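First the structure, in the form of structure tokens, and then the observations on it.
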Amino acid sequence: MISYDDALQQALDTLSPLQPKELPLNQAAGLVLASPAQARWDMPCCDNSAMDGFALAGGSAAPDTGFAIVGASYAGHPYRDEVLPGQTVRITTGAALPKGANTVVPIEEAQEEAGGCVHLTSPPQAGQHVRYRGEECRVNDILVEAGTQLRAGDIALLASVGVERVKVYPKPRVAVISTGDELVELGRVPGPGQVINSNLHLLRTRLSECGFVPVSIGIGADDPETLSQLIDQALDADAIISTGGVSVGEKDHVQAVLEKRNFRKIFWKVAIKPGKPVLFGMLEGKPYFGLPGNPAATAATFELFVKPALKRLAGQVNVLPERRRAVLNNGIKGGGTRQAFLWCRLEWQANGYRVIVSQHQGSGQNRCLSAANAMISVPAGIHKLDRGTEVDVLLL
Ligand code: AMP
Ligand code: MG
């Protein structure tokens, strides 16, 4: 059986980012830039004041009467005339520095006299409290590089320099097919032997949380025809996930249905616990993930394979789960010959990270998923680890 690391690498090697498209900046949050974004003008676009105070020519001597206040430059309302030696204008933060002025004296260091004059408490340093044109950036400077996932700070920066549209990789649209005769949708009370299609809710929520677009295709009964019809519908999306029916039971039809189509299998069965029967390949140019149906296995294989692969489609550069080292709060069992992944809660406690491991690790349960924010990775070959051991933790 192939190892987790090798299987993931094979999946990533198979995939490349989706075709980039141009979008308005305000629709690009969370997306990855496909080409660098450049400033459309100098920033700031003119010399301006960093303080509320008085603008004057630095080094110009004050007459005995003090500097004569000849006007004002407010943010959004510049002073149009020239400030001559011995003169000053009131100025506010962000207001344009008038011609003739190159220095700002803060209000706190100026004394305004009756008669429209200002005395300074100390001589100003020429050029003080001025933000110079272009000191943040120059026109055409590259401000955000290709490959950057756009966050609020990037978007604010680009907005400030007039970037209205950006070239980005679109959000992958991901079809979710649920398989199983026993599944019913939320809203119905399951009869004997039936269960709610909870995996759909997990995947829909996780896909949205991770910045992808879920497309629910519905429940397929355990028969090849309906499954094949659902796959036809799913091919509209950029990637396809199915849950269940991927193992070796007589009702597991996913592989057989795919093999009748033009499916290029990359791997099936990985040495992990839970999630061993996970299947991955390409169907008509789209990545297809066949996830095992047990809820904890669906969730684990989503984190371990689907999420990194979809990040790849979305143009992200760092696609692997982020890791921490943390100390076990309770003893755990490993996966024997397989690499084990245990649902846990990672918490910062005084002097380091600790992991609290859910006592409900059964792969058929949802219980372990609730409140989990990470998975412990236990290498193959380890049968148990004691409380206090340091372990590798993958953040969700
Ligand atoms: P399978 O992988 O089809 O053999 O399913 C394994 C187990 O997972 C069975 O107990 C199924 O009832 C359960 N299961 C499969 N699909 C889902 C689903 N969408 N939601 C909740 N449980 C599921
Ligand atoms: Mg099934």
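Residues that are in a strand (DSSP E or B) and under 13 Å from L313 (Cα atoms) within region 23-37 comprise V32, L33, listed in sequence order.
Of all the residues in region 203-255, those that are within 10 Å of ligand 1 (Cβ to nearest atom), surrounded by fewer than 17 Cβ atoms within 10 Å (Cβ to Cβ) and among the acidic types (D, E) number 0. When residues in region 324-366 are screened for being closer than 23 Å to A7 by Cα, out of contact with any Cys (no Cβ under 7 Å at 6 or more places or on another chain) and buried (at least 16 other Cβ atoms within 10 Å of the Cβ), 8 of them pass. Kindly indicate whether any position in region 306-318 is aliphatic (A, V, I, L, M) and either within 16 Å of ligand 2 (Cβ to nearest atom) or farther than 26 Å from G30 by Cα (or both). No; the residues of region 306-318 include none that is aliphatic (A, V, I, L, M) and either within 16 Å of ligand 2 (Cβ to nearest atom) or farther than 26 Å from G30 by Cα (or both). Among the residues of region 200-216, those that are small (G, A, S) and either free of Cβ contacts under 8 Å to residues at least 24 places away in the same chain or over 18 Å from Q27 (Cα atoms) (or both) comprise S208, S216. Filtered by the rule that a residue be of a type in the set (G, A, S), within 21 Å of V278 (Cβ to Cβ), in a loop (DSSP other than H, G, I, E, B) and within 16 Å of ligand 2 (Cβ to nearest atom), region 198-244 gives a lone residue, G244. Taking strands (runs of 3 or more DSSP E) as the structural unit, those lying wholly within region 82-150 and holding at least 1 residues that are of a type outside the set (S, T, N, Q) and touching a Cys at 6+ places or on another chain (Cβ under 8 Å) correspond to 142-144.
For region 158-168, how many residues are surrounded by 18 or more Cβ atoms within 10 Å (Cβ to Cβ) and assigned to a helix (DSSP H, G or I)?
So in region 158-168, the residues surrounded by 18 or more Cβ atoms within 10 Å (Cβ to Cβ) come out as 158, 161, 163, 166, 168.
Next, from what is left, pick out any that are assigned to a helix (DSSP H, G or I): 158.
Residues flagged as surrounded by 18 or more Cβ atoms within 10 Å (Cβ to Cβ) and assigned to a helix (DSSP H, G or I) within region 158-168 amount to 1.
Within the option set G249, G293, being part of a loop (DSSP other than H, G, I, E, B), within 16 Å of ligand 2 (Cβ to nearest atom) and in contact with a strand residue (DSSP E or B) (Cβ under 9 Å, 6 or more places away or on another chain) holds for one residue only, G293. All of (1) in a helix (DSSP H, G or I); (2) more than 16 Å from ligand 2 (Cβ to nearest atom) hold for K171 with one exception: (1). A search for C-beta distances below 7 Å between a residue of region 1-26 that is aromatic (F, W, Y) and any residue that is in a strand (DSSP E or B), counting only pairs 6+ apart in sequence or on different chains, returns Y4/V270; Y4/I272; Y4/Q339.
The residue that is farthest from ligand 2 (Cβ to nearest atom), counting only those in region 364-389 that are within 28 Å of the chain's Cα centre (by Cα) and farther than 21 Å from V319 by Cα, is A371.
Throughout, read-outs are computed from the coordinates displayed, never taken from laboratory work. Not measured: the values here are computed from a predicted model. Ideal geometry is used to build each Cβ from the backbone, glycine not excepted, and the neighbour counts take in all protein chains shown.
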